[in-house]
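The values are calculated or read from the model by the stated rules, or taken from the named source; none is laboratory data. Bear in mind that the values here come from a model prediction, so they are computed numbers and not experimental data. So basically every Cβ, Gly included, is an ideal-geometry build from the backbone, and we count neighbours across all protein chains shown. Remember, those area values only see protein heavy atoms, side chains included, never the ligands or the DNA or RNA. Shrake-Rupley method; radii C 1.70, N 1.55, O 1.52, S 1.80 Å.
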Amino acid sequence: MQLYCSLPVIQDSSMASSKPPKRKVQRYYEEAEKPPQQQKKKKAERIVVNERTNQEPWKKKNQQKKDVISGAKDPFPGLPSMPEDQLSKYERARKAEKAMDTFPSVKKHLKVEENKVQTALSQAAKHDLLLPEEAGFLEGDEGEDTNTITQQDIMDVVDITSASKHFNLTLNQFGPYRVNYSRNGRHLLLAGQRGHVASMDWRTKKLLCEMNVMETVNDVRWLHSHTMFAVAQKKWLYIYDNLGVELHCIKKFNDVLRMEFLPYHFLLATCSSTGFLQYLDVSVGKEIAATCVKAGRLNVMCQNPHNAIIHLGHHNGTVSLWSPTIKEPLVKMLCHNGAVRALSIDKTGMYMASSGTDRKMTIYDLRTYRPLQSCLLPLGAGSLCHSQRGLLAAGVGNVVQVYKDTHVSAPRSPYMCLSVKAPIHGLQFCPYEDILGIGHGGGFTSMIVPGAGEANFDGLECNPYETKKQRQEWEIKALLEKIQPELITLDPTQLGEVDSITMEQKRKEQVERMGYDPYEKTRFAPRRKLKGRSSTGNVLKRKKKVAIQEKRADIKKSIAEREKAKSKNDATAVQHEPRSTLERFKK
């Protein structure tokens with residue numbers, strides 16, 4: 001069946017042409033086109049400036065973000081202020097008291113460096129809040145003296161880990177023993193006078209190496225890490241690794257009695273029975289200095305940890321201070337009426353404790369080299385040692401006496417006491433632990449001394465829990481930052497200061513030599529030119545040209561003044577001399 005529509009279909013050409021054009025599909029790489037009027041309008045809106053604040057809208061918005069924290073204004077704008085006592089704890093250098101007469105660029109650089117130091121100082125003081133541990137001391141009841149508290153009493157009230165830190169090693173065959181702890185306080189080195197040498201991890205009681213060198217051992221010291229240690233044997237100085245393998249035999253260092261290691265300089269300082277003070281650079285294996293002290297046998301030695309100066313005690317009661325670059329003693333002090341038996345310097349480098357055969361123990365202030373406190377011990381102290389918190393341990397016969405605040409008041413009653421089996425031969429406090437290591441004729445004793453060690457350690461300086469990789473990285477950085485022996489001085493803060501007296505003297509000598517003051521006038525600043533005529537090379541040429549012209553004019557002026565003065569002196573000399581009759585024929 002077919003259906004037909006009654007209305008005819010009429011095609012109009014105008015209607016066909018009025019159809020909207022087919023919209024082009026937009027690709028992802030094509031940008032949307034905007035009408036030109038709209039773009040102009042947007043551009044005009046961007047440049048609108050707020051008439052009241054005279055700021056563009058985006059600047060005003062950013063300023064509001066800075067002034068507002070969490071939707072409210074900060075009532076205390078800026079960085080928080082730190083108390084002065086907390087800042088002085090981390091201060092390492094002093095600021096310049098008066099302004100220097102130097103170039104503006106140097107002043108600007110120094111100002112930037114000072115700002116960096118102050119920023120680091122404030123940040124270190126702020127991080128005190130993150131230090132978890134606090135130091136504490138023994139406090140007795142009313143009428144109770146703390147030196148009556150025994151090690152067993154302490155072990156009964158502390159935890160199992162702390163109680164295990166007190167132990168005895170019975171070694172009565174090869175003693176007496178010298179002891180030395182590593183810088184991070186993890187490893188212990190024992191050396192018996194009859195040749196027994198052993199190293200161990202004293203916390204886990206794991207023995208690292210043990211040997212007998214079959215000759216007399218005078219002293220022993222760890223080097224920069226626990227992988228190497230030095231042993232002063234009867235004839236020569238030997239270097240061993242942590243497995244007991246001999247690495248070096250240094251025959252230049254003979255008859256060594258005492259040793260000290262300077263960790264920041266990688267120097268091993270030794271004193272011998274022949275009266276020589278020698279320094280060995282362990283990083284290159286080279287002898288740096290050898291000085292004849294001319295004071296006989298040297299068996300008393302200690303180092304100042306603040307400035308790396310070596311202190312030597314002599315048989316005539318004097319103590320001398322030495323630096324590797326100077327062949328004469330920096331300071332000589334008369335400390336005792338008899339021979340000096342022991343020396344020790346605290347961590348700050350301000351106070352020195354000494355004991356002699358006159359049975360006196362005296363505390364000296366190294367800033368003024370005067371005695372502060374003195375006391376008389378019954379038998380005299382044969383060994384002295386300072387802890388990180390300022391406690392002083394003295395070995396009197398077979399009794400160890402620990403004193404507190406010795407630089408404030410005279411030592412009267414000891415803080416703690418401990419009696420051992422045989423006479424004491426060596427003492428050292430364990431770093432970052434409340435432990436005192438005692439080497440004696442019957443072996444070794446570890447004594448718990450509350451409040452002796454620093455409660456918080458710096459993991460970048462000395463890390464007791466470092467891994468093998470961390471130790472290797474630290475060793476590389478320490479070698480790169482090694483301090484040269486020439487920088488060892490009594491006052492290490494002088495290295496960062498300007499010697500204004502010497503600078504002024506050199507300036508006067510330069511003026512006398514050149515005949516004019518080259519720093520009198522201001523420096524020439526050339527005018528800026530266009531079309532590339534103010535390039536760096538052209539500016540430098542103009543500066544040199546002006547400097548040469550000024551210098552030439554000054555030299556001519558000084559020469560003319562000298563000739564004028566010379567002619568004046570000649571004229572006065574001629575006037576005073578008698579004239580002869582034949583002088584008129586002279587040309």
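Those residues that are under 21 Å from S419 (Cβ atoms) and assigned to a loop (DSSP other than H, G, I, E, B), I need them from segment 141-157; list them, please. Of everything in segment 141-157, those that are under 21 Å from S419 (Cβ atoms) and assigned to a loop (DSSP other than H, G, I, E, B) turn out to be E144, D145, I149, T150.
Quick one: is L138 open to solvent by less than 50 Å² (accessible area, probe 1.4 Å) and part of a strand (DSSP E or B)? No.
Scan segment 237-269 residue by residue and report those that are open to solvent by 40 Å² or more (accessible area, probe 1.4 Å) and over 27 Å from the mean Cα position of the chain (by Cα). Listed by number, the residues that qualify are N242, L243, V245, E246, L247, H248, C249, K251, K252, N254, D255. Evaluated against (1) among the charged types (D, E, K, R); (2) under 29 Å from the mean Cα position of the chain (by Cα); (3) surrounded by fewer than 18 Cβ atoms within 10 Å (Cβ to Cβ), K234 falls short on exactly one condition, (2).
Would you pick out the residues in segment 165-208 that are free of Cβ contacts under 8 Å to residues at least 12 places away in the same chain and in contact with a strand residue (DSSP E or B) (Cβ under 7 Å, 6 or more places away or on another chain)? Those that are free of Cβ contacts under 8 Å to residues at least 12 places away in the same chain and in contact with a strand residue (DSSP E or B) (Cβ under 7 Å, 6 or more places away or on another chain): K206, L207. Scanning segment 521-572 for residues that are aliphatic (A, V, I, L, M), open to solvent by less than 70 Å² (accessible area, probe 1.4 Å) and farther than 21 Å from F103 by Cβ turns up A553, I555, A560, A565, A571. Scanning segment 168-183 for residues that are open to solvent by 20 Å² or more (accessible area, probe 1.4 Å) and of a type outside the set (A, V, I, L, M) turns up N168, T170, N172, Q173, F174, P176, R178, R183.
What residue, of P83, P132, is farther than 30 Å from R412 by Cα and at pLDDT below 75? Spell out the reasoning first.
Numbers: P83 fails: at pLDDT below 75.
After ruling out the rest, the residue left standing is P132.
Within segment 201-226, restricting attention to residues that are assigned to a strand (DSSP E or B), open to solvent by 20 Å² or more (accessible area, probe 1.4 Å) and not charged (D, E, K, R), the residue that is farthest from F253 (Cα to Cα) is L207. Counting only residues that are more than 20 Å from K165 (Cβ to Cβ) and over 32 Å from the mean Cα position of the chain (by Cα), how many does segment 402-424 have? Residues in segment 402-424 being more than 20 Å from K165 (Cβ to Cβ) and over 32 Å from the mean Cα position of the chain (by Cα): 5 in total.
Residues in segment 485-520 that are surrounded by 11 or more Cβ atoms within 10 Å (Cβ to Cβ) and in a loop (DSSP other than H, G, I, E, B): I488, T489, L490, E497, V498, G515, Y516, D517, P518, Y519.
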